[in-house]
1. Any idea what diffusion coefficient the range 514-562 gets from Stokes-Einstein, in µm²/s, Kirkwood Rh on alpha carbon pairs, 4 °C, 1.567 mPa s?
2. Quick one: order 463, 671, 55 by neighbouring beta-carbon count within 10 Å, fewest to most.
3. FRET efficiency for residue 293 and residue 92, Cβ-Cβ distance as r, R0 = 45 Å, nearest 0.05?
4. Just grab the label-to-label distance for residue 52 and residue 697, each label 7 Å out from Cα along the Cβ direction, in nm (one decimal).
5. Going 7 Å from the Cα of residue 27 toward and past its Cβ, which residues in the range 532-550 have a backbone nitrogen under 20 Å from where you end up?
6. Percent of alpha carbon pairs in the range 526-639 separated by more than 25 Å?
7. Using mean Cβ contacts within 10 Å as the protection proxy, how do 92-100, 396-404 order, highest first?
8. If you take the C-alpha gyration tensor of the range 611-702, multiply each eigenvalue by 5 and take the square root, what semi-axes do you get, largest first, in whole Å?
């Protein structure tokens, strides 16, 4: 180093690294060059200083970082990443026994921060610049404390979070705000986009959309629709909620997502709706209250369900060790804090106040059985337990069976459980310790669900009224055929694994989904026996696509929606027309799935004898094989309130379809059930040849009778 050469008798006792370059850009416009510019100065500069001084007897090695790496900052992902390196590097040096400190500075009234333009931006974000005296005092305090990391920033945290569109209550920084401040009314945030600051509705919509979509306002044209800028169901709801918070007007989600409505037309809609703002506010409050009441009733009714699921996973022979998987399940409980509430008698997994059990004191029921023991007997014994595990060990292999009560879980939890178990197993084998990232934040399902439901409740209510009115006859199978000998005593018909590769081109060409194919097959099979005009089936829908915060959580987050078939009696109706119309029915039904089924049942148009007879559960999987644990099946105990249940699992990677048909032996004959199951399978296997034929033509060809459900060559594995 030149300093050592020029002053060899004076030792270097300290290093202060303050190099920085600002090169802001939003993520869509961030180039590799822009991203690397701050990185080079911060990362390489630090690394070089570390290497040339690591053998010196230093008193201090202080790096000047930024609060951007702590709180984040819009359009500064590159700068935040560079500073995050400094934060981590300080701890790395300390681990080597070397001096190291890092200071996360807020806005400073020196250097770059003294720019008048930046001062105005800081002000609107609730940030006050630190004066020279405050900077010196902070630096002195840092040196004397000898802490590894210190954060010095002068800001109004509530105002900062509001201006940054962040949720303070759910943040780890919420404890920095006193209880008095939390309960006080929100102050004017200054930096928020408001109707008053925008001056007109067009500007308001553009400002909000630009913020949500991370674009510059100048890129958004009045005559374009929001759909042209890539708005999806998630950010459209965020736009709707933000507009509602400003105007107390709810924009229907279809207007936002449709390409037929320009921003100017949305503004006109808003202006018209705001003509009576007081009335709108009262109406909005009422709707939110009604939504919360509906969701509460839905959650309560869901807890009355007594049926269960068993998610089964195959274990690799290389890691067939019961004690290892017992440990994995303990970490699974830590990863999913709601498990504690379920297992200790709590009713509401979303209420963190009930979660007062120490994870180390909680043990998931885990039973290790050998091949001579009956698995199904053990599963039946654990039926009323919220969550239990049976490790079924066989020669050279094992199965992990997780039994979950429907009171707290839905069928879609299987995929979440699989991801968690794979992640935990991989980590434990590599590290033999539990990392901090295993913790998931608690979710308030009632509040999340209610806030999203009130936006679409009125439209969904009207939609379901219209669909329910289409049904005029019952699709009940009771006494359709005589109760002969019970061929399927337990009311479950496993259907051979079906190869659906032959349908790929057909689905792609027509825009059909596999869910539509199986729904249509089920409804046509039911029509074949009942001969009624329209056949309704209740589809169980995963709400996690609408409530993104619940995406990773194992909880009961599913709802039933009634899908009403096309008019099967219509002359000349082709299979192609049925599938086209049903595809639309499935899309519309799932887009209105937030409306609780408990509320649908209270509609005047709902009739249990017409609409609550047959249920359908469709799930997909696209997981590649894992080296330690893989999903094999889901066992479903049928809800006795339905006559039948068709369960379908579509493997996108292997292009296979696993089907399982359940029925109530006391209400549906085994003979009828076998006809239905065979008809569903036959429809799927022959769709490629028959999709252009009329329904009547196919009915005349078919004869009602017993058949055999044969699986495609090489696919003879049954489900369940």
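Computed from the coordinates by the stated procedures, all read-outs in this text should not be read as laboratory data. Because the structure is predicted, anything quoted here is derived from the model rather than measured. Backbone-built Cβ (ideal geometry, glycine too); neighbour counts: all protein chains shown.
1. Result for D is 102 µm²/s.
2. So the ranking, lowest neighbour count to highest, is 55, 463, 671.
3. The pair residue 293/residue 92 has a calculated efficiency of 0.25.
4. 8.3
5. Label zone hits: 545-550.
6. So the pairs more than 25 Å apart make up 36 percent of the total in the range 526-639.
7. Going from most to least packed, we get 396-404, 92-100.
8. 27, 22, 10
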